[in-house]
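A.B. asks: So that we are looking at the same thing, I have put the structure below in structure tokens.
Rule-based calculations on the coordinates, nothing more; no lab input. This one's a predicted model, so the numbers in the text were calculated from it and none came from an experiment. Virtual Cβ from ideal backbone geometry, glycine too; neighbours counted across all protein chains shown.
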Amino acid sequence: MSFVLLSVLCSVLVSVLLKLARRLEIDVAQAIAWNYVIASALTALMLRPSLATLRQPGTPWLALIGLGVLLPTIFLVLGASVRHAGIVRSDAAQRLSLVLSLLAAFVMFGQPLVALKLVGMALGLLALLCMVWRKDVHAAPTHRVAGWSYPLLVFAGFGCIDILLKRVAQVGVPLGDSLQAIFALALLVAFALQLVRRLRGQTRFTIRSALGGLLLGLFNFGNILFYLQAHRALPHDPALVFASMNVGVVGVGALVGLLLFRERLSRLNLAGVVLALLAVGVMAVG
């Protein structure tokens, strides 16, 4: 279970770095672009993809390109969500996106309908509603909207990413090959967006943002690598790894947000976090 813990810590550290970015004078969009440099390099070094399968007919290039576009854009949304809604709600919304993934498994991929998973999905949607509800009469209207809209976008965006990943896996593309292609495409998209910003005079490239991005990429890839290692260490108990990972991120993210950043949550928001933990557990058992 040490690999699960390391994966959880890497996932939460991504959110912590996004939360601290403005304080550290790191341009989040630039950091996200540089993140894919280190993620691509580490994928090539650690997973050693052959890329041969990508040249075969039937390669799901539409799904791979969709992931290459979605990953950097949803990363930007996650950064905005952490800034406006906090780590607790953003991490929970990201993990609850598996509700959409499970729904797609039933509708698009022909998996059988299981009662426990339906209960878990219902609990997940209820948890999401509880967490995005934010009644703050003192906040500006734009801040109130951002407080619930960004977590919902995180939920929808990561759900779409999960569905596209399932499509790639269904075709049989090896994980290392698909990750290398996705990270390379995401790198091109992210740097194209930064070039447009630079030409418009909206930003300037800085060493600080580049270093922040490399650190972000290290945590991002560490999350993936340790998660894979956990599945290899427990090959006969994938549900335990799945549940431990998602519950761990929600739980540790909640502790970090509440204790380290003093994030303010209503009783309804806290109930949503508890429901999120319960929903992930029920869906894993189901």
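A.B. asks: Excluding ALA127 itself, calculate the net charge of residues whose Cβ lies under 11 Å from the Cβ of ALA127, where each Lys or Arg counts +1 and each Asp or Glu counts -1. Don't skip to the answer; put the middle values down first.
C.D. replies: On the way: positive: ARG89, ARG95; negative: none.
Here the count lands on +2.
A.B. asks: As a footprinting exposure proxy, order CYS160, CYS130 by other Cβ within 10 Å, with the fewest listed first.
C.D. replies: Placing the least packed residue first, the sequence is CYS160, CYS130.
A.B. asks: Which distance in nm do the two modelled labels at LEU214 and VAL119 give, with both placed 7 Å along the Cα-to-Cβ direction?
C.D. replies: 5.0
A.B. asks: A further question follows. The range 13-57: which trypsin sites (Lys or Arg not before Pro) are DSSP loop and have at most 12 other beta-carbon atoms within 10 angstrom?
C.D. replies: Filter output for the range 13-57: ARG22, ARG23.
A.B. asks: Can I ask one more? Tell me the mean residue ellipticity at 222 nm calculated for the chain from its helices only (DSSP H runs of n ≥ 4, each -39500 (n - 2.57), averaged over every residue, nearest 500).
C.D. replies: Working: 11 runs with 217 residues, N = 286.
So the calculated ellipticity at 222 nm is -26000 deg cm²/dmol.
A.B. asks: With the chain treated as a Gaussian network of Cα nodes joined by springs under 10 Å, which of VAL173, VAL12, VAL114 yields the largest mean-square fluctuation?
C.D. replies: VAL114
A.B. asks: What is the spin-label model distance, in nm, from TRP61 to SER149 if the labels are put 7 Å beyond Cα along the C-beta direction?
C.D. replies: Simple spin-label model gives 3.6 nm for this pair.
A.B. asks: What's the local net charge at GLY212, with K and R +1, D and E -1, over the other residues with C-beta under 13 Å away?
C.D. replies: Numbers: positive: LYS19, ARG22, ARG23, ARG208; negative: GLU25, ASP27.
Net charge in that neighbourhood comes out at +2.
A.B. asks: Something else about it: Roughly how far apart, in whole Å, are the Cα centres of the range 1-73 and the range 105-122?
C.D. replies: Using only Cα atoms to place each centre, the spacing works out to 28 Å.
A.B. asks: Within a Cβ distance under 11 Å of LEU64, other residues only, what is the Lys/Arg minus Asp/Glu net charge?
C.D. replies: 0
A.B. asks: Going by Cα centres, the range 142-178 and the range 229-244 are how many Å apart?
C.D. replies: Between the Cα centre of the range 142-178 and that of the range 229-244, the gap is 21 Å.
A.B. asks: How much length would be gained if the chain were fully extended between ARG204 and LEU188, taking 0.36 nm per residue of separation minus their Cα-Cα distance, in nm to one decimal?
C.D. replies: Value of the extension gain: 4.0 nm.
A.B. asks: Based on the mean of other beta carbon atoms within 10 Å per residue, what is the order of 191-200, 119-128, 263-272, 85-94, most packed first?
C.D. replies: 85-94, 119-128, 263-272, 191-200
A.B. asks: Calculate the FRET efficiency for ARG23 and VAL69 from the Cβ-Cβ distance with a Förster distance of 25 Å, rounded to the nearest 0.05.
C.D. replies: Approximately 0.25, to the nearest 0.05.
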